[in-house]
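Coordinate-derived values only; no laboratory data. Since we're looking at a predicted model, the values are computed, not measured. Glycine also receives a Cβ, built like all others from the backbone with ideal geometry; neighbour counts cover every protein chain displayed.
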Amino acid sequence: MSRKDLVVCAAVMVGWGSAQLAPADVFNMPGGLTSLEVVTVGNPRNAGELSGHSAGGFGEDRICGAVDYTYNIGKYEVTAGQYTEFLNKVAKTDTYGLYNAKMYSNAFGCKIWRRGSLGNFSYSVASGYANRPVDYVSYWAACRFANWLHNGQPSGAQGAGTTETGAYTLNGYNGNGGWTIQRNTDWKWAVTSEDEWYKAAYHKNDGVTGNYFDYPTSSDTAPGRDLADASGNNANYFGIPCPIDPGDYTTLVGEFQNSDSPYGTFDQGGNMWEWNEAVVYAGAMQAFVRGLRGGSFNFGDDALQGSARYRWYPAYEDFDSGFRVSEVPEPGCAGLFLLAGLISARRRRARP
């Protein structure tokens, strides 16, 4: 999407400043959604498939999607309401820059507003934005959110036991390197690995196979952009009209209710680029960087394909980057996970 396109699209946002601010309600989301709802991804030890340039897409080649364990993954992208809750718990001082002022001031921002002074900051999100994805988050901010979940959502300064230890040992790191920082073995919540993300988005949920759809809407055909989503296979990516949801560039998470992945996730195609843990050496950039997947509202449908491996500097924060989290399943639920997987697979096979 060109800068000119963005300027044209931004015109519809004039007048947003009159919107009323409301407290983030992350536990009573409209339409029956719940805070950080997850789905289970079973079929452990499935085969992966080639992704990247040699698969007809973009980026360095890699076999993606093979995961040896059952895990839970966010049904939706992390929302502005959920991130606001996080900020209010740990960012009264905001030592490591979890808040970006462009979240509010930029036309494409998720409309989280900060008020108060250092040591007494508080945060709220504009009405109508709590259930849209958070943006302007770096990879490290996503890791800090995962640490906070891992530690039981505590209140307190950003440090050990809140944001700096847990799933990741960060200890204040916020730079564009950090490729040795990896998920700790005792993780409970984490930013998705590339394989976790890929499997949930594209794998056909048909056992330990290497069978994958091309798009994360359970389809090998490029999605449409129909908000009504009556027939399924739709997503929020760049096209005309822009934006797809009048006045808002992102859509509510789960807006395309008939366009879920085979495992039941939503918006893994479009809406926001989503960080993942992949460490990629990008020759053109001459640097190790982190993975991004899924495309966004300002990229075309080619970015939604499983073959498209994007990556960027981990300290990057912009209007089109968000994230999703993974969770360790509760012990003793393997039988229920297997049953759910069989039911889901049967439902998918029954689709025309």
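Expressed in Å, the radius of gyration and Dmax of the Cα atoms of segment 196-262 are 13.0, 43.
Rg/Rh for segment 39-112 to two decimals, with Rh computed the Kirkwood way over all alpha-carbon pairs. We get a ratio of 1.16 for segment 39-112. Summary of packing: across the peptides 65-76, 268-279, 183-194, the per-residue average of other C-beta atoms within 10 Å ranks them, highest first, as 268-279, 65-76, 183-194.
For G224, the residues whose amide H sits under 5 Å from its own are N234, A235, ignoring neighbours fewer than 5 places away on the same chain, with H placed 1.01 Å from N.
Considering only alpha-carbon pairs that sit under 8 angstrom and 6 or more positions apart, the relative contact order computed for segment 110-174 is 22 percent. Taken as Cα centroids, segment 118-181 and segment 282-306 sit 22 Å apart, rounded to the nearest whole angstrom. For segment 120-171, a Kirkwood radius taken over Cα pairs fed into Stokes-Einstein (20 °C, viscosity 1.002 mPa s) yields D = 176 µm²/s. For L98, no residue 5 or more places off, or on another chain, has a built amide H under 5 Å of its own. The string of couplings for segment 211-220 from the Karplus curve (6.51, -1.76, 1.60, θ = phi - 60°) is 8, 9, 7, 7, 10, x, 10, 6, 8, 9 Hz, one whole number per residue in order, with x for Gly and Pro. Seen from every direction in turn and averaged, the convex hull around the alpha carbons of segment 53-212 projects onto 11.2 nm². Here the peptides 149-159, 314-324 are ranked by packing, the mean other Cβ count within 10 Å, and the order with the highest first is 314-324, 149-159. Under 15 Å from the Cα of K204, which aspartates and glutamates turn up, not counting those fewer than eight places away in the same chain? Once the sequence-local aspartates and glutamates are set aside, what remains near K204 is E49, D195, E196, D214, D220, D260. Per-residue 3J(HN,Hα) values for segment 260-272, derived from phi via the Karplus relation 6.51 cos²θ - 1.76 cosθ + 1.60 with θ = phi - 60°, read 7, 6, x, 9, x, 8, 10, 6, 6, x, x, 6, 9 Hz in sequence order (x marks Gly and Pro). Residues in segment 111-127 carry Karplus couplings, in order, of 6, 8, 10, 9, 10, x, 10, 3, x, 9, 5, 9, 9, 9, 10, 5, 4 Hz; the curve used is 6.51 cos²θ - 1.76 cosθ + 1.60 with θ = phi - 60°, and Gly or Pro positions show x. With semi-axes defined as the square roots of five times the eigenvalues of the C-alpha gyration tensor, the equivalent ellipsoid of segment 123-238 measures 32, 21, 13 Å, largest first.
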